[in-house]
Amino acid sequence: MERPGDFAVGRVTDLIASPTIAVGKRARELREQGVDVVDFGPGEPDFVTPVHIRDAAVEAIQAGMTHYAPGRGLPKLRAAIARKLARENAVQYDPDTEIVVTPGAKQAIVEAILTAVAPSDEVIMFDPCWGSYDAIVRLAEGHPVHVQLRPDFSIDSELLEANLSSRTRAIIVGSPGNPTGHVLGREELDMLAEVCIRHDLLLVSDEIYERITYGDVTPISPASLPGMWERTVTINGLSKAYAMT
């Protein structure tokens, strides 16, 4: 029998705690005990938010920009985002109808999955991947389907095909990947695009780490590929590139 006042339902009580937050908490506890710890938990840049951003934030507060913003975000900010995406990612979005500003990339992924995924829909993600993808799909009452990456962290196309079903609704992919750092190459992207188009799937493209790469590689936004703009939700933000977590 449920206790009086216990109103939590399964979609909340069944969620597993964030492993990255748990690791970060344990690292802080060890530091407080004097232990020298390297924290591989939350994706926190090791530099301070650039001074021109901090100054602009202070100026905005002093100017009274502390009230409700439009639901989609400030028009000037959406316009700036549209210019950035066109200039750096080769994708065109209408700032008035196709860009939404959220409190963070995680919130954007939550909103995308809650919008697109119905109960019992399957969503493919590639392991190892960010732990919250699984939890977000479960929150939407969907079914996470984990597809193991190759040892070099590239996508195994045959394994991907083997995990597709009539209930597959979407694929979530991060490039550069968290925690692997792998950047999807053009061959992988073309394969993903072909699969999404052939099976009529949504692609949620998590590009939050686009500025943190290793070697001479430049991430490609999947929405810039032929036939993918209309079926890709592009997720990006300021937290990693500008230490605005």
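The values are calculated or read from the model by the stated rules, or taken from the named source; none is laboratory data. As the structure is a computational prediction, the values presented were derived from the model and not from experiment. Here Cβ is always computed from backbone atoms with ideal geometry, including for glycine, and neighbour counts include all displayed protein chains. Heads up: the accessible areas ignore ligands, DNA and RNA and are worked out on the full protein's heavy atoms, side chains in. Shrake-Rupley method; radii C 1.70, N 1.55, O 1.52, S 1.80 Å.
With r defined as the distance between the Cβ atoms of Glu44 and Ser120 and R0 fixed at 41 Å, what FRET efficiency is calculated, to the nearest 0.05?
For R0 = 41 Å, the calculated efficiency reads 0.70.
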Once the in-chain neighbours fewer than 8 apart are removed, the aspartates and glutamates whose Cα is under 12 Å from Lys25 read Asp39
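Given a 1.4 angstrom probe, what's the average accessible area per residue across the stretch 83-191, in square angstrom?
Numbers: 5290 Å² over 109 residues.
Here the per-residue accessible area is 49 Å².
Counting only protein heavy atoms and a 1.4 Å probe, tell me what percentage of the stretch 97-227's accessible area is made up of carbon and sulfur.
Values: 3110 of 6090 Å².
Answer for the stretch 97-227 is 51 percent, counting heavy atoms of protein chains only.
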Length gained if Arg198 through Thr218 is fully extended, taking 0.36 nm per residue and subtracting the Cα-Cα distance, is 4.5 nm
Dipole magnitude (debye, nearest 20) for the stretch 128-245, charges at Cβ of Lys, Arg, Asp, Glu: 340 debye
Restricting to lysines and to Cα separations under 22 Å from Lys76, and discarding same-chain partners fewer than 8 apart, the set is Lys84, Lys240
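May I ask you to derive the relative contact order of the chain, considering only C-alpha pairs under 8 Å and at least 6 residues apart, and to give it as an integer percent?
On the way: 324 pairs, mean separation 43.6, N = 245.
The value is 18 percent.
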Got a sec? Charge dipole of the chain, +1 on Cβ for Lys and Arg, -1 for Asp and Glu; which of Gly104, Ile235, Cys129 is way out at the positive end? Gly104
So how far apart, in nm, are the two label points at His52 and Asp36 if each is 7 Å from Cα heading toward Cβ? 3.7 nm
If I take R0 = 22 Å and measure r between the Cβ atoms of Glu161 and Arg231 in this structure, what FRET efficiency does the formula 1/(1 + (r/R0)^6) give, to the nearest 0.05? 0.75
In deg cm²/dmol and to the nearest 500, what is the mean residue ellipticity at 222 nm of the chain if only DSSP H runs of at least 4 residues count, each as -39500 (n - 2.57), divided by the residue total? -10500 deg cm²/dmol
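Give the longest segment of the chain that steers clear of chymotrypsin sites (Phe, Trp or Tyr not before Pro) in DSSP loops with at most 12 neighbouring Cβ atoms within 10 Å, not counting the sites themselves. Display every interim value, and only then the final one.
Values: sites that count: Phe7, Phe40, Phe47, Tyr68, Tyr214.
Maximal segment without exposed cleavage sites: 69-213.
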Extension gain, Val9 back to Ala80 (0.36 nm per residue minus Cα-Cα distance, nm): 21.5 nm
